[in-house]
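The values are calculated or read from the model by the stated rules, or taken from the named source; none is laboratory data. These figures come from a predicted structure and were not determined experimentally. Backbone-built Cβ (ideal geometry, glycine too); neighbour counts: all protein chains shown.
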Amino acid sequence: MKNAANNPAVKGIILIAVIILLIGVLTKVRNAAGETLADYAQKNPETALARSENSWRDALPAGREQDAQTQPSEEQERTAESQAPEPPEGRESAAESEPPENAAVQGADDESPMPEDADPALQFYAAELTPQQIERIRGISYPAEDADAKISLSELRYVHVLYADFDGNTAEGELICNEKIAGDLLEIFEELYRNDYRIEKIRLIDEYDGDDTASITDNNTSCFNYRVVEGTTRLSNHAYGLAIDINPFYNPYVHYVDGREVISPEGSEAYADRSASFPYKIDREDLCYRLFTEHGFTWGGEWNSVKDYQHFEKKP
């Protein structure tokens with residue numbers, strides 16, 4: 001043992017061990033003297049950064065680190081889709097229900113009080129006129145010859161909506177309008193429907209042979225009709241598909257002929273008194289007024305020389 005202690009190699013090992021021991025003691029003394037983590041990080045930036053980048057993994061429960069580092073595989077995503085709940089019986093999913101080929105679908109969602117077996121994608125939509133629809137209106141609400149019209153058929157849109165009738169039942173409505181307001185009408189009528197706003201009927205004026213008086217007397221809500229303003233030779237904004245009349249019998253047209261007040265349609269005189277309270281009256285508090293004006297329409301009830309309480313129009 002004594003000989004080993006005198007061995008130069010052994011002496012060298014002992015010397016190294018003593019030095020290491022002294023370094024350890026000095027390190028502890030230095031830390032005790034107040035070196036902070038910030039001091040350590042500043043002196044050892046690479047080591048500190050590596051710890052910071054990996055610290056979130058250290059906080060994961062055992063076995064979850066791998067999950068946190070990987071994204072779901074394509075197979076896992078498809079499996080998740082295949083396990084999604086099926087839609088209620090009688091209701092197709094939105095992806096499966098197809099609108100007409102030329103339709104710009106808006107679609108009522110499940111908040112609308114539509115029948116359970118209805119196809120939601122087909123309730124509110126706008127589409128270019130089909131040959132059958134063109135044949136239906138030509139010579140009635142649209143001139144027999146294209147050259148006689150200041151608006152082309154390609155500028156018009158067929159609009160299909162749902163509405164709540166006066167009995168509160170869901171009914172289907174048809175409108176033809178200018179393409180520039182088709183989106184507005186879809187949004188407005190869908191919101192009216194959601195709020196159970198009552199409209200007696202929404203039919204193409206062609207069902208009344210293009211006769212505006214017959215349509216408003218029947219309290220029909222309609223839009224396009226290539227006609228002049230009553231009592232003038234000037235084309236109405238209805239002729240451009242940019243105006244619509246809502247529940248017109250309860251919201252009459254009041255104008256003057258030779259200083260005499262004329263109320264249209266005949267029989268609606270009681271509803272020209274806008275200070276009276278009655279159902280289906282459009283005023284500034286009415287949802288219909290608020291929706292149309294929010295979409296940039298003007299209301300005929302706010303005109304000065306005449307009052308057209310049924311009428312909303314938009315200048316694109």
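Structure data summary
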| read-out | value |
| --- | --- |
| Extreme residue, surrounded by the most Cβ atoms within 10 Å (Cβ to Cβ), among residues of segment 213-231 that are without any contact (Cβ under 8 Å) to a residue 40 or more places away in the chain and under 19 Å from W299 (Cα atoms) | N220 |
| Test result for I134, β-branched (V, I, T) and in contact (Cβ under 8 Å) with a residue 40 or more places away in the chain | no |
| Lone unmet requirement of (1) in contact with an Asp or Glu (Cβ under 7 Å, 6 or more places away or on another chain); (2) surrounded by 15 or more Cβ atoms within 10 Å (Cβ to Cβ) for I176 | (1) |
| Yes/no for P279 being touching a helix residue (DSSP H, G or I) at 6+ places or on another chain (Cβ under 7 Å) and surrounded by fewer than 20 Cβ atoms within 10 Å (Cβ to Cβ) | no |
| R234 surrounded by fewer than 21 Cβ atoms within 10 Å (Cβ to Cβ) and within 31 Å of the chain's Cα centre (by Cα) | no |
| Residue within segment 122-144 that is part of a helix (DSSP H, G or I), modelled with pLDDT under 95 and within 27 Å of the chain's Cα centre (by Cα) present | yes |
| Any pair with Cβ under 8 angstrom, 6 or more apart, that starts in segment 293-316 at a residue that is acidic (D, E) and ends at one that is modelled with pLDDT of 95 or more and part of a loop (DSSP other than H, G, I, E, B) | E313/L242; E313/F297 |
| Enumeration of residues in segment 232-265 that are within 16 Å of C177 (Cβ to Cβ) and without any contact (Cβ under 8 Å) to a residue 12 or more places away in the chain | S236 |
| Residues of segment 282-308 that turn out to be surrounded by 11 or more Cβ atoms within 10 Å (Cβ to Cβ), closer than 16 Å to R198 by Cβ and over 22 Å from the mean Cα position of the chain (by Cα), as a count | 2 |
| Count of segment 242-262 residues which are more than 16 Å from E302 (Cα to Cα) and of a type in the set (A, V, I, L, M) | 3 |
